[in-house]
1. Among the residues in segment 108-115, are any part of a helix (DSSP H, G or I) and exposed (fewer than 14 other Cβ atoms within 10 Å of the Cβ)?
2. If you take the residues of segment 130-141 that are part of a loop (DSSP other than H, G, I, E, B) and surrounded by 13 or more Cβ atoms within 10 Å (Cβ to Cβ), which of them is nearest to the chain's Cα centre (by Cα)?
3. May I ask you to list pairs of residues, at least six apart or on different chains, whose Cβ atoms are under 6 Å apart, with the first in segment 149-167 being within 17 Å of V116 (Cα to Cα) and the second being open to solvent by 10 Å² or more (accessible area, probe 1.4 Å)?
4. If you take the residues of segment 216-238 that are touching a Pro at 6+ places or on another chain (Cβ under 7 Å) and open to solvent by 20 Å² or more (accessible area, probe 1.4 Å), which of them is modelled with the highest pLDDT?
5. Does segment 187-215 hold any residues that are modelled with pLDDT of 80 or more and of a type in the set (G, A, S), and which are they?
6. Does segment 74-100 hold any residues that are surrounded by fewer than 20 Cβ atoms within 10 Å (Cβ to Cβ) and closer than 29 Å to T256 by Cβ, and which are they?
7. Which count do you get for residues in segment 142-160 that are at pLDDT below 90 and of a type in the set (V, I, T)?
8. Across segment 24-49, what is the number of residues that are over 22 Å from the mean Cα position of the chain (by Cα) and open to solvent by less than 80 Å² (accessible area, probe 1.4 Å)?
Amino acid sequence: MASLKDLRNRIASVKATQKITKAMQMVAAAKLRRAQSAAEAARPYSQRMDAVMANIAAAVGDAEGAPRLLAGTGSDQTHLLIVATAERGLCGGFNSSIARLARDHARDLIASGKTVKILPVGKKGADVLKSEFGDIMMPSVDLREVKHVGYSNANDIAQQVLGMFDGNEFDVATLFYSEFQSVISQIPQAQQIIPPQLNEVEEADSASTLYDYEPDENEILTDLLPRNVAVQIFRALLENAASEQGARMSAMDNATRNAGEMIDKLTLTYNRQRQAQITKELIEIISGAEAL
């Protein structure tokens, strides 16, 4: 059984941990407001970009000369998995859920005879995946020094991916991230960005509105398709930023509650042990007095 001094030290240690988790919860809550606003603001732009791309792609159809980013390489043998996670931990299952989705996808592709390459964006995803896929992983994109994710960060990643595509290093690129729903709900997503999987244009919309493009559709797509890759990566980074803070806020709240429960249990044990020791000392005193 632990001594009273050990119990006092344990209680003090848990109280110090509780202060840290409470402070981290408050910091995450403050950061969440900004990150959530940024993620929600990016969604309409991203969705509208998809709609414009779908309209123009429908106009191009399967015509020869369609941009390579839209039509693809004609093969799906080599897959690039862009796994976007956080640079830091202590955020519950946020990082592991994204890595798990990417790992399952990679296993399925490898089992079907495909070649897989993994580009981790964020240290935590790389740490989870390197034990199994270390030989097919590329150097991780480090964003630890970035306080607020900007479009320039996403564009740098997009340029690296586009350079690999132009160099025929892969045929299909899939982006993995976590979509923010609420503080307690972040949903891992897998989105194919090269060639893009565009939503089909509804017949009613295509019949009610006819567009004339100037310059022609192929020239517009040549400019929009690379930009769309950067936009989708930017949206994924913003969704991740909000999801990370929401998950950390929830995890630190649970940790704070658990620390409080542990303090109560340790305090109760301490009081019982102290009372037992006092009772024992009183019995010894009384027994000694009676002996005299």
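1. yes
2. Among them, the one singled out is S140.
3. These pairs meet every condition: L162/P226.
4. T222
5. Hit for segment 187-215 is A190, nothing else.
6. E87, R88, G89, L90, G93, S96, S97, R100
7. Count: 2.
8. Within segment 24-49, residues that are over 22 Å from the mean Cα position of the chain (by Cα) and open to solvent by less than 80 Å² (accessible area, probe 1.4 Å) number 1.
The values are calculated or read from the model by the stated rules, or taken from the named source; none is laboratory data. This is a predicted model, so every value here is computed, not measured. Because the Cβ atoms are built from the backbone with ideal geometry, glycine has one as well, and the counts that use them run over all protein chains shown. Ligands, DNA and RNA are excluded from the accessible area calculation, which covers all protein heavy atoms including side chains. Shrake-Rupley method; radii C 1.70, N 1.55, O 1.52, S 1.80 Å.
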